[in-house]
Amino acid sequence: MRPPLTVQGAQRLRQELEHLKSVKRPEVIAAIAEARSHGDLKENAEYHAAREQQGFIEGRIQELESVLSNAQLIDVATLNAGDRVVFGATVDLADEDTDEEVTYQIVGELEADIKQGRISVSAPIARALIGRHEGDSIQIDAPSGTRSYEIVAVRYVV
């Protein structure tokens, strides 16, 4: 099964990939060259740190290229699921105990960022929301206990 990814999420990942290839990769290559010029590589912490950084960058580049080539892109702007929650939906929730409101967009795993209000489709709250409708109540088993939310609004925004 191809992992789902929003068009906007794919664009963010492409930008990150381009930044890694055009900025970070040349920076780390220059840092390795600089560290090599300092002599003995066995005791050169700068060299080892730069090589480790290079490994992280190359790993992330491979991961992004793989995801972007295999993902099923979903354009949220073209979804027409009405008030039903599906992948890509932006959902406004009200905590039934505190009346506190939160907003989440359900996205693919690699584009999830809780600080930006984007939750992974595989997250427990997203799984509880999928298929539900505006006005429904859901129960989430959180570490602090069971929480109840009402789905206040379902939108499909870019």
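Restricted to the range 143-158, and to residues that are loosely packed, with under 14 Cβ neighbours inside 10 Å and within 23 Å of residue 7 (Cα to Cα), which residue is nearest to the chain's Cα centre (by Cα)?
So the residue we want is 158.
Can you tell me which condition residue 70 does not meet? The list is (1) in contact with a strand residue (DSSP E or B) (Cβ under 8 Å, 6 or more places away or on another chain); (2) in contact (Cβ under 8 Å) with a residue 24 or more places away in the chain; (3) surrounded by fewer than 18 Cβ atoms within 10 Å (Cβ to Cβ), and all the others hold.
Only one criterion is unmet by residue 70, namely (1).
Could you tell me whether residue 28 is surrounded by fewer than 13 Cβ atoms within 10 Å (Cβ to Cβ) and of a type in the set (Val, Ile, Thr)?
No: the conditions fail for residue 28.
Looking only at residues in the range 73-111 that are of a type in the set (S, T, N, Q) and within 18 Å of residue 156 (Cα to Cα), which one is surrounded by the fewest Cβ atoms within 10 Å (Cβ to Cβ)?
80
In the range 66-77, is there at least one residue being part of a strand (DSSP E or B) and within 20 Å of residue 149 (Cβ to Cβ)?
No: the range 66-77 contains no residue that is part of a strand (DSSP E or B) and within 20 Å of residue 149 (Cβ to Cβ).
Return the pairs, sorted by first residue and then second, in which the second residue is in a strand (DSSP E or B) and among the basic types (Lys, Arg), the first residue lies in the range 77-102 and is outside the structural domain of residue 126 (by TED's automatic domain parsing) and within 15 Å of residue 133 (Cβ to Cβ), the beta carbons are less than 8 Å apart, and the residues are 6+ apart or on different chains.
none
Would you say residue 85 is at pLDDT below 90 and in contact with a strand residue (DSSP E or B) (Cβ under 7 Å, 6 or more places away or on another chain)?
Criteria not met by residue 85.
This table checks each residue for (1) in a helix (DSSP H, G or I); (2) closer than 28 Å to residue 105 by Cβ; (3) over 27 Å from the mean Cα position of the chain (by Cα); (4) modelled with pLDDT under 90.
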| position | (1), (2), (3), (4) |
| --- | --- |
| 11 | yes, yes, no, no |
| 14 | yes, yes, no, no |
| 27 | yes, no, no, no |
| 33 | yes, no, yes, no |
| 51 | yes, no, no, no |
| 54 | yes, no, no, no |
| 62 | yes, yes, no, no |
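For the structure I just gave you, tell me whether residue 140 is part of a strand (DSSP E or B), in contact with a Pro (Cβ under 8 Å, 6 or more places away or on another chain) and surrounded by 15 or more Cβ atoms within 10 Å (Cβ to Cβ).
yes
The values are calculated or read from the model by the stated rules, or taken from the named source; none is laboratory data. Here the structure is a predicted model, which means the values were calculated and not measured. Cβ sites come from the backbone with ideal geometry, for glycine too, and all protein chains shown count toward neighbours.
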